[in-house]
Amino acid sequence: MSLTEQILSQMPGNPLTGLRQADRLWQAYREAKIPQDEVVKETPELLEAVEWDVVICGGTLGILIGAALAQRGWRVAVLERGKLRGRDQEWNISRRELQTLVELGLLTEAELEGAIATTYNPGYVRFHEGIELQVTDVLNIGVDPVYLLDTLKAKFLTAGGQLFEDTAFKGAIVHPNGITVQVAAPFTTRLLLDAMGHFSPVTQQARQGKPPDAVCLVVGTCAQGFPENPTGDLFATFTPVQNQCQYFWEAFPARDGRTTYLFTYLDAQPERPSLEALFEDYLQLLPEYQGVGLDRLQFQRALFGFFPCYRHPLKPAWNRILPIGDSSGNQSPLSFGGFGAMIRHLQRLTSGIDAALAEDLLDRPALSLLHPYQPNLAVTWLFQRSMSVGIHQKVAPHQINALLSAVFAEMQQLGDRVLKPFLQDVVQFSALSQTMLRVAIAHPRLILAVIPHVGLLTLLTWMGHFLALGLYAALYPLALRLKPWIKLLPSVWQYYGDRWLEALQYGSGNDYP
């Protein structure tokens, strides 16, 4: 019996079953057998009546934007296939990002404090045989998902929204004047928001079986019995490349123990390891990573998953359907979405959807403006590629660690104004330019080694995104001067002007104060 079988089979709920279920889906991705059922259809027939302004499929993160839209007076229904309840494992985020919920009026300051389950400082960034540095107030807040979702659900219902639990999405029919959402009892709505995540059937149909450009495999646990440690690891390695993967680690305190993750970036080739195999490596390496034997740990929860990512956000494929959150693929290939990515775009999406509903701009071109090109995310694909190894590629065992150590050493020299935004997936032109220049001067051999590693075409493509990032950074301050003039335009044109400003703001990383 493997370590994975031995430990997971003894944990509450027997997570070994869930792990193997996730592995079957991961195998389908590796074998290019991605499900793509036809769940969305179109018809020229008009609906006689439309009951809702917005129907949101997927309540776990959909309730965030559902509550924000309901408070603005829209008729909103949230459909959840099970019970809308947060998981037991905390969501980690930075306080600055969490403040968005207060700014949108979704939480009071007291409720925000009530949602915070854990806080730790400092967080470390460390690499095998390389640099170790520490930062404070970055991803150091553990949010209680149960409390947060219960609070948001109450706010949503008080604002007039309606929640339908145990209501699984089956399909949708797009009409010229609305959508029929097919569930046990059909809903009619002006706009459908797809918040069903990476594996949404709507997203899978829109992607038409296209394999992901990258995948992040993640396994981990929350356990008790570790030595007392009030600090965390944001990004750590202690091994060279093995199994054609560079293993990265995270660790931080939790309410009922300590959470540790092992993750790696790779592609969806058939030879890639299963989640169960990665979990076995995790358990073999965990004692060395945390300095404690497995026999001293009391495992509370097992954590695992794989997260596909595409180079381009998913533009709406139909009128009146907008993917949001992980369904949209609108996240960094370093973080692969989740709660943090949803929070980052919540204010922008709320104001954009509110304006689209007000002006009835619900066709594909208008909704596509809510998922604009963002060069600050596009440039991070080079970083992701430099931290992964092709299945048949030969890379020096210590190359990735040496490169990351060099990059973070230069960012440390440049200070928190460069380091902290990057650790929160915010890339800005000035900071990136300074860092790359310093690395190139101090470590030319490392830069030369990266070129064959990532490929010349990838590097040239990156240069285009890098120049676009510089252009966005230059245009945004100029565009801000036009904001008062945009407010004088007819309301329809204000929608387009505001989306243009937001594209420049977020695309240049200027959403970070």
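The numbers here are math on the coordinates, done by the rules we state, and not lab data. Source: prediction; values computed, not measured. Because the Cβ atoms are built from the backbone with ideal geometry, glycine has one as well, and the counts that use them run over all protein chains shown.
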Study note, to complete from the structure: Counting only DSSP beta bridges fully inside the chain, the antiparallel percentage to nearest 5 is 70
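Only bridges with both residues in segment 1-148 count here: give the DSSP antiparallel percent, nearest 5.
Details: 10 of 14 bridges.
The answer is about 70 percent antiparallel.
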Revision key, fill the gap. Over all Cα pairs of segment 376-477, the Kirkwood radius sets Rh, and Rg/Rh then becomes 0.96
Check your understanding: Direction-averaged shadow area of the convex hull around the Cα atoms of segment 324-389, nm²?
Key -> 5.0
Revision key, fill the gap. Between the residues LEU382, LEU467, VAL395, the Cα farthest towards the positive end of the dipole of segment 376-477, that dipole coming from +1 and -1 charges on the beta-carbon of Lys, Arg, Asp and Glu, is from VAL395
Exercise for review: Please express the Cα-Cα pair-distance distribution P(r) of segment 431-476 as a list of whole percents, one per 5 Å bin, running from 0 to the bin with the greatest distance.
Suggested key: 5, 19, 21, 28, 17, 8, 3, 0
Study note, to complete from the structure: PRE zone check, label point 7 Å out along Cα-to-Cβ of ASP416, amide N under 11 Å, scope segment 250-288, hits none
Check your understanding: Per 5 Å bin, what is the whole-percent P(r) computed from every C-alpha pair distance within segment 41-157?
Key -> 2, 10, 16, 18, 15, 11, 8, 7, 6, 4, 2, 1, 1, 0
Practice item. Could you work out the relative contact order of the chain, using alpha carbon pairs under 8 angstrom and six or more residues apart, expressed as a whole percent? Key: 17
Check your understanding: Tell me, how many Å apart are the Cα centres for segment 104-139 and for segment 168-247?
Key -> 23
**Study point:** Cα centroid separation - segment 151-165 against segment 372-434, whole Å
**Key:** 40
Practice item. State the Cα centre-to-centre distance between segment 300-363 and segment 499-513 in whole Å. Key: 16
Revision key, fill the gap. So the number of lysine pairs in the chain with alpha-carbon atoms under 19 angstrom apart, 8 or more residues apart or on different chains, is 7
Revision key, fill the gap. In Å, the Kirkwood estimate of hydrodynamic radius for segment 105-205 over Cα pairs equals 17.8
Point to revise | Computed over segment 298-416: relative contact order in percent, which uses C-alpha pairs under 8 Å that are six or more apart | key: 25
Review point. For helix 339-359, what angle does its Cα long axis make with the longest principal axis of the chain, in degrees from 0 to 90 and rounded to 10?
Key: 20
